[in-house]
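Enquirer: Structure provided below as structure tokens; questions to follow.
The values are calculated or read from the model by the stated rules, or taken from the named source; none is laboratory data. Keep in mind it's a predicted model, so treat the numbers as computed, not measured. Positions of Cβ are generated from backbone atoms using ideal geometry, with glycine treated the same way; all protein chains shown enter the neighbour counts. Ligands, DNA and RNA are stripped out before the accessible areas are found, and what is left, the full protein with its side chains, is counted by its heavy atoms. Shrake-Rupley method; radii C 1.70, N 1.55, O 1.52, S 1.80 Å.
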Amino acid sequence: MITLENHLGKIDICENYFRKLIGNAATSCFGVAGMSDGNVQQGIRSKVFSKRSYIDRGVVVNKDNDGISIDLHIVVTYGVNIRAIVKSIDEKVRYCVEDATGIKVNKVNVFVDGLKGE
């Protein structure tokens, strides 16, 4: 749970919501071919349920003092500018999270785990 407090009260938002919101934002960016497993739990889930696809795959959300930090593990399309893709993902994820929840995104770490040919 990630807690947001303001003058109206206290709001608890589950991390699953963040992972799905961030996964949708990241996969909609140009050049992102898919997501790869971000931690051991996601790796086990991918092996056990290999026929299913999860939108929150490759997304790890950590709570900081005054906001959150996000780790993304992506697979990019071969031949595209990785620097431009990472910048696009960073901006889109920050905007989506801050617009939807009002919680500050301190850091977005994008890890390129692979390339996919066309």
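Enquirer: Looking only at residues that are of a type in the set (S, T, N, Q) and surrounded by 13 or more Cβ atoms within 10 Å (Cβ to Cβ) in the stretch 80-106, which one is nearest to residue 6 (Cα to Cα)?
Expert: Looking at residues that are of a type in the set (S, T, N, Q) and surrounded by 13 or more Cβ atoms within 10 Å (Cβ to Cβ), I get 101.
Enquirer: So, in the stretch 82-118, of the ones that are assigned to a loop (DSSP other than H, G, I, E, B) and in contact with a helix residue (DSSP H, G or I) (Cβ under 9 Å, 6 or more places away or on another chain), which residue ends up farthest from residue 21 (Cα to Cα)?
Expert: 104
Enquirer: Here's another thing I want to ask about it. Hey, can you tell me all the residues within the stretch 1-26 that are open to solvent by less than 30 Å² (accessible area, probe 1.4 Å), touching a Lys or Arg at 6+ places or on another chain (Cβ under 9 Å) and not in a helix (DSSP H, G or I)?
Expert: Correct list: 2 only.
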